1. Using a/c under 1.5 as the rounded threshold, could you call the chain rounded, prolate or oblate? The axes a ≥ b ≥ c are square roots of the C-alpha gyration tensor eigenvalues, and prolate needs a/b larger than b/c, oblate otherwise.
2. Report the gain in length on full extension from Glu94 to Ala336: 0.36 nm times residue separation, minus Cα-Cα distance, nm rounded to one decimal.
3. Per residue, what accessible area does the chain have, given a 1.4 Å probe and all protein chains present, in Å²?
4. At 1.4 Å probe size, with the rest of the protein present, what percent of the exposed accessible area of the chain is carbon and sulfur atoms?
5. Please state the charge dipole magnitude for the chain, taken about the Cα centre, from unit charges on C-beta atoms (+1 on K and R, -1 on D and E), reported in debye and rounded to the nearest 20.
6. Taking only Cα atoms, what is the 0 to 90° angle, nearest 10, from helix 462-474's long axis to the longest principal axis of the chain?
7. For the ranges 6-19, 110-123, what's the packing order if you count other beta-carbon atoms within 10 Å of each residue, average per peptide, and put the highest first?
8. Can you give me the long-range amide H partners of Arg324? Hydrogens built in the peptide plane at 1.01 Å from N, cutoff under 5 Å, separation of 5 or more residues or another chain.
Amino acid sequence: MESKLQLYNTLTRRKEAFEPLVPGRVGMYVCGPTVYGDPHLGHARPAVTFDLMFRYLKSLGYKVRYVRNITDVGHLEHDADEGEDKIAKKARLEQLEPMEVAHYYTERYHRAMEALGVGSPSIEPHASGHIIEQIAFVQRILDAGFAYVSNGSVYFDVEKYNAAHRYGRLSGRNLDDIVANTRELDGQSDKRHSYDFALWKKASPEHIMRWPSPWSDGFPGWHMECSAMSTRYLGERFDIHGGGMDLMFPHHECEIAQSTAALGHDSARYWVHNNMITINGQKMGKSLGNFITLEELFTGSHALLAQAYSPMTIRFFVLQAHYRSTLDFSNEALQAAEKGLDRLMKGVETLAKIKPAAASTVDPADLERRCRAAMDDDLNSPMVISALFDWVRTINQLADGAQTITAEDLAALRATVDRYVFDILGLRDEKAAGSAAGRDYVTPLVEMLLAERLKARAAKDWAASDRIRDGLAAAGIRVKDRKEGSDWELE
Ligand code: ZN
C-alpha cells in the first residue's frame, strides 16, 4: 500500500514520513484513563485524537493493533493531605473492594466514549492485571544496573542512566534543569536523589492495593505499567506511542528511560502528543471550579454551561482544531461547533436526495484529494472539515440546479463524503439517529407526501399543498421549495 502520511514526532520535533516497522501493520500504544473519577472534558481530546488516528490508519489499509491501558492501580494521584491513594481512600471510606471503584468508573468511561463515537481499542489492558509483567520489567532494569533496592522499594537510578543514555530527550530537559526544579526531600526518603523515581513501592500498613514481589508487599511505580504492557502486547519495538502533552514529563520521559534501561533502546518510533483543552483560557482544575465532566456537558448541568451539548458537538469541536493546537472551551465555541455540525449533516442529507444529470459541472475527485492531503499532513482534521464545508455549498448548488452531476460522479461524491464524515472523522447524525432505522422509513413517507403536495400544487390546490407542508412542519420536517420540485430537512 502506498501511504503519504506525515506525522509530527515529538521526539525528533519534526514531521516524518510514516513507515511502520512491519509493512502493512501498525502497533500503537496510547496512555488511557485513570479510573478513580468521572470522565471529564480533558478525557475527550486524547480519546478523539487517537480514535481519529486509529480510524485513518485502518482506512489506509493497515492492520492496526491499538492498545490503550486502564490505570486502575491508582497511584497517579495522591491525596495532598494524607498521601493516601484515591482509589484506596474511597474504597476504605465506603467499605468497597478497590476493584469495585475502578470498575464503576471504567464503565462510566466506556459509556462516555461510546457516546463520543470513540471506537474500542484492540486491547484494553488493566494495570492491575499485569503486575507479573511489571515485576519482571523492574527486575530487568535491576539486572541491567539502572535501579537500586532501598528498604523494600525499587528506584530508578536517573544519574547512572543519564551517563549511559541521556535522560530528558523527549521533553528537552537536562538533568541540571530537573535538579533545579525538584523539591529537596525531607530526609525520610529511601531515594538516593530527589529525581530518582519509584519502579516499585513498598506499601505502608494502611495501603490496601498491594501485591507480593521479590522486594516487598507493595505496588508498581506510576510509569511502570505502560513500559510493561506496551512490551507485552506490541513487542520491544513498536510504531506509535501517544498521549496528552501533560504526560510528556515525567510520565513518558520515565517510560523511555525504563524501556531503554531494560531493552537497550527506546520502544516507540513515533511519539505523538495532543495539546490540552483550556476552559475560557484557563487550565482545567477542580480547585478552579471549572472542572466539567462529560455527563455535565451532555446534560448541561454545570454552572459554566449555557446549555447541554450533544456528544457529537463535543467530538466536532475537538476535530475542528488540529490536535497539536490549543483548544479553548467556551459556550460560544461550542455553540459554533453545534451550528457547524448541523450545517454539515444537512449537507449530507441533501446529498442523499440529489438526482443525477447527463453531465457534471463539478469534480468530486477534488474533495477526495483535499481530504486525503489534509489527513496525510499530520491528521489535519480542520482542513478536512473546511474541504467538506466547501462541498456543502456545492451540494446545495446541485440541489438548486445551479450545478449538475452524473450518476457516476454522484456515487463517487457520496462515497467520499461517507468515508470522511462517518468512517474517518467518526461523526454520526444525531438528529437522524435515535434511529438509524428511523431514517429508513421516514424518508419514503416524506417523499410520498411531497409527491402528493406537488400534485396538489400542479392542480393549484393551495389549501392541500399548505396542509401537507404544515403537517410536516409539525412533525419537525421543514419543506423547502426548489426550482424543480421541493426538498426537505429535519429541524
Ligand atoms: Zn503511559
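The values are calculated or read from the model by the stated rules, or taken from the named source; none is laboratory data. Keep in mind that this is a model prediction, so the values were computed, not measured. Neighbour counts are summed over all protein chains in view; Cβ atoms, including those assigned to glycine, are modelled from backbone coordinates with ideal geometry. Accessible surface areas use protein heavy atoms only, side chains included; no ligands, DNA or RNA. Shrake-Rupley method; radii C 1.70, N 1.55, O 1.52, S 1.80 Å.
1. Values: a/c = 2.91, a/b = 2.04, b/c = 1.43.
Prolate, because a/c is 1.5 or more and a/b exceeds b/c.
2. Numbers: separation 242, 0.36 × 242 = 87.12 nm, distance 4.25 nm.
Result for the pair: 82.9 nm of gain on full extension.
3. Values: 22220 Å² over 491 residues.
Result: 45 Å² per residue.
4. Numbers: 11300 of 22220 Å².
Carbon plus sulfur share of accessible area: 51 percent.
5. On the way: 59 positive and 69 negative charges, 249 e Å.
Its charge dipole is roughly 1200 debye.
6. 10 degrees
7. Working: 6-19: 15.3, 110-123: 18.2.
In descending order of packing, they fall as 110-123, 6-19.
8. It is Asn275, by chain and number.
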